[in-house]
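The values are calculated or read from the model by the stated rules, or taken from the named source; none is laboratory data. Remember, it's a predicted structure, so these values are computed and weren't measured experimentally. So basically every Cβ, Gly included, is an ideal-geometry build from the backbone, and we count neighbours across all protein chains shown.
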């Protein structure tokens, strides 16, 4: 049976149809993926608004604060002391109504929640209720940007060190499965159940209160050193305890997780075949162990990067570190909804874009993954 060879024009037509089908598939996937992620962000932010406002309880607190402030102001005004009680009450009620209208508290809470949601999605973060920036501004955007460098310094230093050191040590442990250090890491991995702030308290007791070699908290001494080199050294001293607490709290579990992944892939049949062919151990690790684990490693690294935004809520508070985590903790305690919503919407956008881009990264590093399938 003879087979008729395709002409060049037919081959070009087949290529064009395949390319058009791939573009259509990928475009459809991108649109669907972006819409689904956007809906997820909307639902998450709206729930954050509802929880932060506690179903209207925060509004009652604000109304009470407004009435107390205006009542005190009227009572301390010498020109109004001669006013009779009924007239003074009417004046207070009028001023309270005006202030509530100025703050939008006269609008039903459901409508205000939708307005907050729309403004948050547009990154119109508004003004904080109680928290101010160092310059005295109540703009949420300025407050968050002002606290961001401190969090990036603490979280970036500790988490990047944790990530790369865990990978290096886990790879070495997978080469020496069952030795003393491998068993030690397995034994100590449950210690990661203890939160970082708890380790932080012990580090403060040992190195700050006991040996008195490191500061109790803060980011820099007051007043800060004038010399740039001394200033950097001073920040490093303040960074050691909170950074060390963050690393210690996750170190053994992180090493154990990566070591387990490496061991799983190193026991595959194709790895044994590669070793039987006489490939050098470094080539086997690079091509047959590390490469299959790249999606997991890239995912962890990507989530690590965006988690820098949230900061370390309790650890920053324990060490009086002036970062986003401590600011968010203060906002929760002060019912400062704009700060909570502003921090959440930025994190939600970062997380959604990271999840979207990871699909393409997986397809680039793993030939088994096809976008849209």
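Numbers for the structure displayed
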quantity	calculated
Failed item in (1) surrounded by 13 or more Cβ atoms within 10 Å (Cβ to Cβ); (2) farther than 25 Å from residue 358 by Cα; (3) within 41 Å of the chain's Cα centre (by Cα), with residue 42 passing the rest	(2)
Residue that is nearest to residue 260 (Cα to Cα) [pool: residues in segment 199-234 that are in contact (Cβ under 8 Å) with a residue 12 or more places away in the chain and part of a helix (DSSP H, G or I)]	199
Breaking point among (1) surrounded by 12 or more Cβ atoms within 10 Å (Cβ to Cβ); (2) at pLDDT below 80; (3) on the phi > 0 side of the Ramachandran plot, for residue 104	(2)
Matching helices (runs of 4 or more DSSP H) fully within segment 266-314 where at least 2 residues are under 20 Å from the mean Cα position of the chain (by Cα)	291-307
Hits in segment 331-373 (condition: within 17 Å of residue 31 (Cα to Cα), in a loop (DSSP other than H, G, I, E, B) and touching a helix residue (DSSP H, G or I) at 6+ places or on another chain (Cβ under 6 Å))	371, 372
Hits in segment 130-159 - residues which are free of Cβ contacts under 8 Å to residues at least 24 places away in the same chain and under 14 Å from residue 324 (Cα atoms)	132, 133, 134, 142, 145, 146, 149
Any chance residue 254 is under 16 Å from residue 174 (Cβ atoms), within 21 Å of the chain's Cα centre (by Cα) and in a helix (DSSP H, G or I)	yes
Matching option when the condition is free of Cβ contacts under 8 Å to residues at least 12 places away in the same chain and not assigned by TED's automatic domain parsing to the domain that holds residue 297, among 127, 112	112
Residue check, residue 186 assigned to a helix (DSSP H, G or I), within 18 Å of residue 150 (Cβ to Cβ), assigned by TED's automatic domain parsing to the domain that holds residue 322 and in contact (Cβ under 8 Å) with a residue 24 or more places away in the chain	no
Single unsatisfied condition, residue 92 versus (1) without any contact (Cβ under 8 Å) to a residue 60 or more places away in the chain; (2) crowded, with 17+ Cβ neighbours inside 10 Å; (3) within 21 Å of the chain's Cα centre (by Cα)	(3)
Subset of segment 79-109 [under 17 Å from residue 64 (Cα atoms), part of a helix (DSSP H, G or I) and either in contact with a helix residue (DSSP H, G or I) (Cβ under 7 Å, 6 or more places away or on another chain) or not assigned by TED's automatic domain parsing to the domain that holds residue 67 (or both)]	91, 92, 95, 96, 99, 100, 109
Residue within segment 60-73 that is surrounded by 11 or more Cβ atoms within 10 Å (Cβ to Cβ) and in contact (Cβ under 8 Å) with a residue 60 or more places away in the chain present	yes
Residue 246 being under 21 Å from the mean Cα position of the chain (by Cα) and assigned to a helix (DSSP H, G or I)	yes
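To keep it simple, each residue is scored yes or no on (1) at pLDDT below 95; (2) over 30 Å from the mean Cα position of the chain (by Cα); (3) farther than 25 Å from residue 296 by Cβ.
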| site | (1), (2), (3) |
| --- | --- |
| 182 | yes, yes, no |
| 199 | no, no, yes |
| 210 | yes, yes, yes |
| 225 | yes, yes, yes |
| 240 | no, no, yes |
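Per-residue answers, yes or no, for (1) closer than 30 Å to residue 208 by Cα; (2) touching a strand residue (DSSP E or B) at 6+ places or on another chain (Cβ under 9 Å); (3) surrounded by 15 or more Cβ atoms within 10 Å (Cβ to Cβ); (4) modelled with pLDDT of 95 or more:
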site	(1), (2), (3), (4)
247	yes, no, yes, yes
274	no, no, yes, no
283	no, no, no, no
300	no, no, yes, no
312	yes, no, yes, no
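Residues are listed down the side, and each one gets a yes or a no for (1) without any contact (Cβ under 8 Å) to a residue 40 or more places away in the chain; (2) out of contact with any helix residue (DSSP H, G or I) (no Cβ under 6 Å at 6 or more places or on another chain):
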| residue | (1), (2) |
| --- | --- |
| 268 | yes, yes |
| 271 | yes, no |
| 276 | yes, yes |
| 279 | yes, yes |
| 284 | yes, no |
| 288 | yes, no |
| 297 | no, yes |
| 312 | no, no |
